[in-house]
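Below is one structure; the comments refer to it alone.
The values are calculated or read from the model by the stated rules, or taken from the named source; none is laboratory data. Please read all numbers here as calculations on a predicted model, not as lab measurements. For neighbour counting, all protein chains shown are included, and Cβ atoms are generated from backbone atoms with ideal geometry for every residue, glycine included.
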Ligand SMILES: [Zn+2]
């Protein structure tokens with residue numbers, strides 16, 4: 001992780017300094033040790049000589065913010081979060097916003113903060129970074145500010161939706177149409193409403209046409225299409241508070257807020273509001289309840305079986321029979337679930353037999369020893385390289401190296417370390433491969449167990465049992481093939 005170290009005195013440090021304690025170099029030492037321990041690639045060290053003061057007096061912080069916007073590093077390393085700013089709420093807001101917008105993590109010896117993680121943003125340390133009452137003020141002010149900007153029709157969310165780019169408009173932001181992308185948005189709504197195509201078909205059609213998504217590739221996801229179809233920004237509207245979020249044990253859950261704000265935006269719509277409303281009606285009619293019953297999942301192969309195209313196979317009811325079909329509708333023909341399960345059990349039996357034969361025929365000849373020897377040499381070299389790196393930190397501390405020399409030397413050694421690590425990994429993989437033979441001894445009883453009990457289980461229990469042993473099943477079937485003319489490739493989980 002490209003890291004910039006930021007050092008700054010606090011008011012308490014000034015008092016210590018009068019007693020002859022040099023806080024900055026003490027802090028530098030601690031942070032360098034931490035960087036070394038956590039393998040952070042320190043590419044720059046910024047020391048604020050002038051303490052306190054307004055942001056515009058803090059030259060190093062200003063440089064840091066500018067470089068943050070230029071994407072020069074991924075993280076800022078500092079003693080504690082309130083070293084970053086303690087002057088006024090406005091300054092702190094600017095600093096936090098800059099880090100947040102550029103996805104820069106704040107690393108302290110105690111904790112790593114990710115400001116784009118809601119829970120981190122509300123973490124007590126961040127709260128105390130901005131004193132409590134200030135935080136509430138800022139939160140309320142920001143919130144009120146965003147609401148009122150939204151009410152005025154400005155765009156108050158993060159990145160612009162596909163089809164638009166975000167542009168400054170006075171103190172606010174609005175959206176400007178990106179013509180090539182807007183064309184695709186129009187095509188999507190047209191297919192959805194006028195051609196009555198579902199998200200899956202639209203994805204395939206867009207890929208076929210070679211149209212690129214926001215990540216500049218043609219792998220459109222169903223989720224993206226659904227999000228686009230529901231987004232009224234495309235009809236020239238601005239929304240706010242559309243979803244409410246609630247933290248729970250299973251993570252944050254969101255819910256549609258029925259009373260969300262939707263007003264005419266300052267921006268131009270790509271489609272008409274009428275078309276958007278028609279799309280919502282279609283979406284409601286298309287809604288497909290999730291493949292779960294009250295008693296759990298219906299598909300014993302859920303989460304395990306994948307189509308040859310890479311997408312999940314899902315269960316579809318078709319003339320009262322349950323068929324496994326590709327969720328991307330890539331053209332691979334589906335098969336009745338009963339046939340697939342039968343085949344799976346058959347294949348597992350064969351696999352078991354071949355494992356048994358293999359174990360019998362194999363004397364314990366192994367090249368593991370030679371590999372282990374190579375590994376130990378590499379291990380030693382890794383240790384040496386790490387010591388060399390540690391040495392650069394020492395030399396910097398002893399001021400034998402200046403910062404420039406340190407950063408250069410450290411950079412060279414770090415990349416050598418990476419190469420060694422790569423070699424180490426490949427040896428390690430080879431060793432693992434060898435050890436797979438040993439894994440067979442674990443696998444055999446597991447497969448036997450599946451064969452013994454499978455038929456008597458509920459789909460839910462079958463699923464759990466299979467997942468404990470099998471990591472993935474890939475399904476192949478050619479167009480026009482007979483019902484039983486399909487192939488399964490089973491990848492076992494190598495459990496320890
Ligand atoms: Zn497929």
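Taken together, the criteria place residue 343 among residues that are at pLDDT 80 or above, buried (at least 16 other Cβ atoms within 10 Å of the Cβ) and either part of a helix (DSSP H, G or I) or assigned by TED's automatic domain parsing to the domain that holds residue 481 (or both). Would region 390-399 turn up any residue that is assigned to a loop (DSSP other than H, G, I, E, B) and over 30 Å from the mean Cα position of the chain (by Cα)? Taking every residue of region 390-399 in turn, at least one turns out to be assigned to a loop (DSSP other than H, G, I, E, B) and over 30 Å from the mean Cα position of the chain (by Cα).
For the subset of region 213-235 comprising residues that are out of contact with any helix residue (DSSP H, G or I) (no Cβ under 7 Å at 6 or more places or on another chain) and buried (at least 17 other Cβ atoms within 10 Å of the Cβ), which member is nearest to residue 154 (Cα to Cα)? That would be 233. Close Cβ contacts (under 6 Å, 6 or more residues apart or on different chains) running from residues in region 332-356 that are in contact (Cβ under 8 Å) with a residue 12 or more places away in the chain to residues that are part of a helix (DSSP H, G or I) comprise 348/447; 352/447; 355/440; 355/444. Would you mind telling me which numbered condition in (1) exposed (fewer than 15 other Cβ atoms within 10 Å of the Cβ); (2) over 24 Å from residue 300 (Cα atoms); (3) at pLDDT 85 or above residue 453 fails? The failed condition is (2). Can you pull out the residues in region 191-212 that are in contact with a helix residue (DSSP H, G or I) (Cβ under 8 Å, 6 or more places away or on another chain) and touching a residue at least 60 places away in the same chain (Cβ under 8 Å)? Answer for region 191-212, where residues must be in contact with a helix residue (DSSP H, G or I) (Cβ under 8 Å, 6 or more places away or on another chain) and touching a residue at least 60 places away in the same chain (Cβ under 8 Å): 192, 193, 196, 198, 200, 201, 203.
Residues that are at pLDDT 90 or above, more than 15 Å from the ligand (Cβ to nearest atom) and over 17 Å from residue 463 (Cβ atoms) within region 321-338 comprise just one, 336. Tell me the residue from 192, 143, 154 that is crowded, with 16+ Cβ neighbours inside 10 Å and part of a helix (DSSP H, G or I), please. The match here is 192.
So which residues in region 289-320 are more than 10 Å from the ligand (Cβ to nearest atom) and modelled with pLDDT of 80 or more, if there are any at all? Outline the logic, then answer.
If we filter region 289-320 for residues that are more than 10 Å from the ligand (Cβ to nearest atom), which is where we start, we get 289-305, 314-320.
Within region 289-320, 298, 299, 300, 301, 302, 303, 304, 305, 314, 315, 316 meet the criteria.
When residue 493 is tested against the conditions (1) at pLDDT 85 or above; (2) in contact with a strand residue (DSSP E or B) (Cβ under 8 Å, 6 or more places away or on another chain), the lone failure is (1). Looking only at residues that are touching a helix residue (DSSP H, G or I) at 6+ places or on another chain (Cβ under 9 Å) and outside any helix (DSSP H, G or I) in region 463-483, which one is surrounded by the most Cβ atoms within 10 Å (Cβ to Cβ)? Residue satisfying both the conditions and the ranking: 475.
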